[in-house]
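S.K.: One structure follows; several queries about it will come next.
The values are calculated or read from the model by the stated rules, or taken from the named source; none is laboratory data. What you see is a predicted model, and the numbers here were worked out from it, not measured in a lab. Backbone-built Cβ (ideal geometry, glycine too); neighbour counts: all protein chains shown. What goes into the accessible areas is simple: the full protein's heavy atoms, side chains included, and nothing from ligands, DNA or RNA. Shrake-Rupley method; radii C 1.70, N 1.55, O 1.52, S 1.80 Å.
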Amino acid sequence: MTSACARNLTVTKALAFDVFGTVVDWRSSIVAELEAFGERHGLQRDWRAFADDWRAGYAPAMDRVRRGELPWTRIDDLHRAILVELLGAADIRVGADEVDELNRAWHRLDPWPDSVAGLTRLKERFVITTLSNGNVSLLTNMAKHAGLPWDCVISAELFRHYKPDREAYLGCADLLGVAPRELTLVAAHPSDLRAARGAGLGTAYVPRPLEFGPGRAPHAVSDGEFDVVAADFVDLAAQLGA
């Protein structure tokens, strides 16, 4: 999948990657963890629906922080609060330590098949970093688990502003010592890319059609809307000359 817009990224010095869904296959990973949890406890539930509900609580929880209804709260803690509600609704009772261990499933997400190879190639030419709403410890543990070769780990936690707040994108550029136009966000989510573009960053769209499982409608994206559109990270590396 070649993009005629790759020339717009000739000034790019660093690539910042959204992580959940873009770099790692969160849904398959979480479903597998939930199934293992169910087997350990002799529980049968619709674990795919449970995983979807767990993820669906993420944006509303962040919005509560953004509106000031909650103080700044790490994603680990938001994930745990959502999990506790879901376990209660499913009439599942386990100890706090077991809840904590299940919540750390988000630290153990597996990468998409092209992620490590593509990132390794891109790293040869660019500084590569996360720019995720996940907290630093989560992203660091995930990188160790999945073999993700980041140059550094940058999180919204450092700015106390979740994406799509402008402060996250500009803060990432500032920490890397580059101008916003010299930083390109790579993401599978058009809304994230649009917010990054609004902050002056370059944009690279890598669709992940299976992020939410098979049979889901693709995101609506206009032709030429983003600087680069790539089939996967290996294709992105080829387009960017890495």
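S.K.: So, for region 111-227, what is the accessible surface per residue at a probe of 1.4 Å, expressed in square angstrom?
M.R.: I get 44 Å² per residue for region 111-227.
S.K.: Assuming 1.002 mPa s and 20 °C, estimate D for region 45-123 with Stokes-Einstein, Rh taken as the Kirkwood radius over Cα pairs, in µm²/s.
M.R.: Estimated via Stokes-Einstein, D reaches 148 µm²/s.
S.K.: If we count every other residue with Cβ under 12 angstrom of Arg45's Cβ, Lys/Arg +1 and Asp/Glu -1, where does the sum land?
M.R.: Result for the neighbourhood of Arg45: -4.
S.K.: How big is the dipole moment of region 44-127 about its Cα centre under a simple scheme where the beta carbon of each Lys and Arg is +1, that of each Asp and Glu is -1, and everything else is neutral? Debye, nearest 20, please.
M.R.: Roughly 420 debye for region 44-127.
S.K.: Extending each Cα 7 Å along its Cβ direction at Glu98 and Asp151, get the distance between those two points in nm, one decimal.
M.R.: 4.5 nm
S.K.: While we're here: Evaluate the relative contact order of the chain (contact order divided by residue number), counting alpha-carbon pairs under 8 angstrom at least 6 apart; express in whole percent.
M.R.: 30 percent
S.K.: For region 102-154, give the percent of accessible area contributed by carbon and sulfur heavy atoms, probe 1.4 Å, rounded to a whole number.
M.R.: Looking at region 102-154 in its full context, I get 54 percent from C and S.
S.K.: Checking a compactness column here: for region 162-242, what do you get for Rg(Cα) / (2.2 N^0.38 Å), N being the number of residues?
M.R.: Rounded to two decimals, the normalised Rg is 1.13.
S.K.: For the chain, give me the percentage of DSSP beta bridges that are antiparallel, rounded to the nearest 5 percent.
M.R.: Taking every DSSP beta bridge within the chain, about 5 percent pair in antiparallel fashion.
S.K.: What nm value, rounded to one decimal, do you get for the distance between Trp72 and Ser137 when each label is placed 7 Å out toward the C-beta?
M.R.: 1.6 nm
S.K.: Moving to a separate point now. Provide the packing ranking of 86-97, 228-239, 140-151, i.e. peptides ordered by the mean count of other C-beta atoms within 10 Å per residue, highest first.
M.R.: 228-239, 140-151, 86-97
S.K.: Still on this model: Using a 7 Å offset from the Cα along the Cα-to-Cβ direction at both Ala59 and Ser222, what is the distance between the two label points in nm, to one decimal?
M.R.: 2.0 nm
S.K.: Okay, next question. So, with +1 on the Cβ of K and R and -1 on the Cβ of D and E, and no other charges, what is the size of the charge dipole of region 58-105 about its Cα centre, to the nearest 20 debye?
M.R.: 280 debye
S.K.: Let me ask something else. Does anything in region 110-132 have its amide N under 15 Å from the 7 Å Cα→Cβ label point of Lys13, and if so which residues?
M.R.: Output list for this probe position: 125-129.
S.K.: Please go through region 1-102 and write out the GluC sites (Glu not before Pro) that DSSP classes as loop and that have at most 16 other C-beta atoms within 10 Å.
M.R.: Counting only loop positions with at most 16 other Cβ atoms within 10 Å, the GluC sites (Glu not before Pro) in region 1-102 are Glu69.
S.K.: Here's something else I'd like to know. Once you list every other residue whose beta carbon is under 11 Å from the beta carbon of Ile30, what net charge do they have if Lys and Arg are +1 and Asp and Glu are -1?
M.R.: -2
S.K.: When Rg is the radius of gyration of the Cα atoms in the chain and Rh is its Kirkwood radius, what does Rg/Rh come to?
M.R.: Rg divided by Rh gives 0.97.
S.K.: How far is the Cα center of region 4-76 from the Cα center of region 165-242, in Å?
M.R.: If we compute the Cα centre of each part, the gap is 17 Å.
S.K.: Which value, in debye to the nearest 20, describes the size of the charge dipole of the chain about its Cα centre when Lys and Arg Cβ atoms bear +1, Asp and Glu Cβ atoms bear -1, and nothing else is charged?
M.R.: Roughly 540 debye, rounded to the nearest 20.
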